[in-house]
Amino acid sequence: MALTAGIVGLPNVGKSTLFNAITKSSVEAANYPFATIDPNVGVVEVPDQRLDDITEKVNPKKTVPTTFEFTDIAGIVKGASKGEGLGNKFLANIREVDAICHVVRCFADENITHVSGGIDPKDDIETINLELILADLESVSKRYEKAVKMAKSKDHDAVVEAEVLGKIKACLEDSKPARLADLNEEETAVAKQLFLLTMKPVLYVANVEESEAAGDGNEYVDQVREIADQEGAEVVIVSAKIEEDLATLDDEERAMFLEDLGLDQSGLDVLIQKAYTLLGLATYFTAGEQEVRAWTFKKGMKAPQAAGVIHSDFERGFIRAETVSYEDLMTYGSMQACKEHGRYRSEGKDYLVQDGDIMLFRFNV
């Protein structure tokens with residue numbers, strides 16, 4: 001499931017430091033074939049306490065987490081939508097990712113210059129958002145004129161497309177991203193087919209000083225939250241410097257370091273989890289004596305499709321999915337106990353897989 005979140009940000013906001021932390025903590029290519037897909041792609045394990053809990057109950061020979069990709073996006077300057085600086089590469093990279101993690105500088109440091117001369121999260125966010133909006137507006141304006149002409153034929157699809165483009169065009173002209181356009185369910189489905197940059201979901205990453213990583217942030221973070229609230233987006237607080245240091249430690253040292261900082265988990269772990277959810281991804285598990293493994297699926301998948309994540313034969317020859325919820329396994333302690341209490345279910349082809357399901361697929365090809 002090759003969905004990826006792109007990391008964007010202005011120069012000197014901590015984007016590269018954060019991505020370095022991601023790549024240092026990325027899984028080894030020897031364990032995960034094709035992990036090194038490209039120099040600017042980092043593959044990380046998705047932190048999930050449920051995997052550890054299931055392992056404790058089942059006691060398998062090995063445990064395998066699911067993984068997730070981050071893509072480091074080329075730097076950006078004002079005028080990117082017109083090709084300034086690395087603008088063309090930046091826009092091309094944005095088009096290839098499924099969600100955006102926007103790193104915003106929320107720390108003051110005299111030794112690290114800011115591209116605009118001062119710390120101003122609101123201006124930083126607007127700089128990048130404006131370039132994406134301008135790029136989308138150029139694309140939508142051209143398509144809108146054609147759609148309006150097609151709509152005169154009264155063809156339903158053409159009429160809907162013209163209406164959608166009109167609403168998005170007005171939204172972009174108001175300097176707002178396309179994802180904030182007032183669209184109904186049908187219109188949203190049409191909008192997704194336009195592959196606009198500002199339709200992609202966004203997660204704001206507030207990069208703070210080490211001393212503020214365990215708190216609620218600062219005045220700069222408050223500015224980021226204000227914008228995120230207006231967009232219905234979330235904010236994750238991280239210290240890129242701390243994450244880079246953590247990436248060099250073993251598990252025991254890492255746990256001690258986090259405890260000293262007053263953190264339950266690292267900001268990077270939170271970022272991975274939030275980005276994973278932002279993409280509409282969820283996790284089901286397979287569990288047996290040989291292996292407990294986490295698998296990524298797209299929310300809304302039915303059992304045969306989820307089975308296909310493991311192997312196409314599982315989907316092609318799907319018969320049923322023997323299923324236990326994570327909560328039931330924790331409550332009753334074993335698969336056998338779940339069966340005895342009537343919590344072991346046999347689900348068919350129309351079953352919508354739930355986050356946390358523990359599944360055994362029966363198939364025949």
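Residues to consider are V324, V292, V353; find the one that is in contact with a Cys (Cβ under 9 Å, 6 or more places away or on another chain) and at pLDDT 95 or above. Working first, answer last.
On the way: V292 fails: in contact with a Cys (Cβ under 9 Å, 6 or more places away or on another chain); V353 fails: in contact with a Cys (Cβ under 9 Å, 6 or more places away or on another chain).
Sole residue among the options that is in contact with a Cys (Cβ under 9 Å, 6 or more places away or on another chain) and at pLDDT 95 or above: V324.
For the stretch 188-205, name all the residues that are closer than 26 Å to L271 by Cβ and among the hydrophobic types (A, V, I, L, M, F, W, C). First the steps, then the outcome.
Looking only at the stretch 188-205, we keep the residues that are closer than 26 Å to L271 by Cβ, and these are 192, 195-205.
F195, L196, L197, M199, V202, L203, V205 - these are the residues of the stretch 188-205 that are closer than 26 Å to L271 by Cβ and among the hydrophobic types (A, V, I, L, M, F, W, C).
Looking for something modelled with pLDDT of 95 or more, in contact with a Cys (Cβ under 7 Å, 6 or more places away or on another chain) and open to solvent by 50 Å² or more (accessible area, probe 1.4 Å) - is there at least one such residue anywhere in the stretch 297-317?
No - not one qualifying residue is present in the stretch 297-317.
State which residue is farthest from G280 (Cα to Cα) when the search covers only the stretch 341-365 and only residues that are part of a loop (DSSP other than H, G, I, E, B) and β-branched (V, I, T).
First, the residues of the stretch 341-365 that are part of a loop (DSSP other than H, G, I, E, B): 341-344, 348-351, 353-356, 364-365.
Pick out the ones that are also β-branched (V, I, T) and you get 353, 365.
On the way: V353: 13, V365: 30 Å.
Checked the stretch 341-365; the qualifying residue farthest from G280 (Cα to Cα) is V365.
What are the residues in the stretch 131-163 that are open to solvent by 100 Å² or more (accessible area, probe 1.4 Å) and in a helix (DSSP H, G or I), if any? Walk me through how you get there before you give the answer.
Our first condition is that a residue be open to solvent by 100 Å² or more (accessible area, probe 1.4 Å); within the stretch 131-163, this holds for 142-143, 145-146, 149-150, 152, 154, 156-157.
Result: K142, R143, E145, K146, K149, M150, H156, D157.
Could you tell me whether L329 is surrounded by 14 or more Cβ atoms within 10 Å (Cβ to Cβ), modelled with pLDDT under 95, touching a strand residue (DSSP E or B) at 6+ places or on another chain (Cβ under 8 Å) and within 24 Å of D52 (Cα to Cα)? It would help to see each step written out before you state the result.
On the way: surrounded by 14 or more Cβ atoms within 10 Å (Cβ to Cβ): yes; modelled with pLDDT under 95: no; touching a strand residue (DSSP E or B) at 6+ places or on another chain (Cβ under 8 Å): yes; within 24 Å of D52 (Cα to Cα): yes.
For L329, the condition - surrounded by 14 or more Cβ atoms within 10 Å (Cβ to Cβ), modelled with pLDDT under 95, touching a strand residue (DSSP E or B) at 6+ places or on another chain (Cβ under 8 Å) and within 24 Å of D52 (Cα to Cα) - is not met.
Please go through (1) open to solvent by 80 Å² or more (accessible area, probe 1.4 Å); (2) of a type outside the set (G, A, S); (3) within 27 Å of Y276 (Cβ to Cβ); (4) modelled with pLDDT of 95 or more for V224 and return the number of the only condition it doesn't satisfy.
Result: V224 fails condition (1) only.
Answer yes or no: is there a residue in the stretch 104-122 that is within 16 Å of V202 (Cβ to Cβ) and either assigned to a helix (DSSP H, G or I) or among the aromatic types (F, W, Y) (or both).
Yes; the residues of the stretch 104-122 include at least one that is within 16 Å of V202 (Cβ to Cβ) and either assigned to a helix (DSSP H, G or I) or among the aromatic types (F, W, Y) (or both).
Taking into account only those residues within the stretch 1-30 that are within 14 Å of the chain's Cα centre (by Cα) and part of a loop (DSSP other than H, G, I, E, B), which is modelled with the highest pLDDT?
Per the stated criteria, the residue is L3.
Report whether or not Y276 is open to solvent by less than 50 Å² (accessible area, probe 1.4 Å), among the aromatic types (F, W, Y), closer than 30 Å to E210 by Cβ and under 19 Å from the mean Cα position of the chain (by Cα). Working first, answer last.
Values: open to solvent by less than 50 Å² (accessible area, probe 1.4 Å): yes; among the aromatic types (F, W, Y): yes; closer than 30 Å to E210 by Cβ: yes; under 19 Å from the mean Cα position of the chain (by Cα): yes.
In short, yes.
Looking at this structure, is S346 surrounded by fewer than 18 Cβ atoms within 10 Å (Cβ to Cβ), of a type in the set (S, T, Y) and under 28 Å from the mean Cα position of the chain (by Cα)? Explain how you work it out, then say what you get.
Details: surrounded by fewer than 18 Cβ atoms within 10 Å (Cβ to Cβ): yes; of a type in the set (S, T, Y): yes; under 28 Å from the mean Cα position of the chain (by Cα): no.
Taking the combined requirement at face value, the residue does not satisfy it.
When the residues of the stretch 201-221 are narrowed to those that are open to solvent by 80 Å² or more (accessible area, probe 1.4 Å) and in contact with a Ser or Thr (Cβ under 9 Å, 6 or more places away or on another chain), which ends up farthest from L18 (Cα to Cα)? Walk me through it before giving the result.
So in the stretch 201-221, the residues open to solvent by 80 Å² or more (accessible area, probe 1.4 Å) come out as 210-211, 216, 219.
The next check asks that each one be in contact with a Ser or Thr (Cβ under 9 Å, 6 or more places away or on another chain); those that pass are 210-211.
Values: E210: 13, S211: 17 Å.
Ranking the qualifying residues of the stretch 201-221, first place goes to S211.
The values are calculated or read from the model by the stated rules, or taken from the named source; none is laboratory data. None of these values were measured; they are calculated from a predicted model. Positions of Cβ are backbone-derived with ideal geometry, glycine not excepted, and every protein chain shown enters the neighbour counts. Surface accessibility is based on the protein's heavy atoms, side chains included, excluding ligands, DNA and RNA. Shrake-Rupley method; radii C 1.70, N 1.55, O 1.52, S 1.80 Å.
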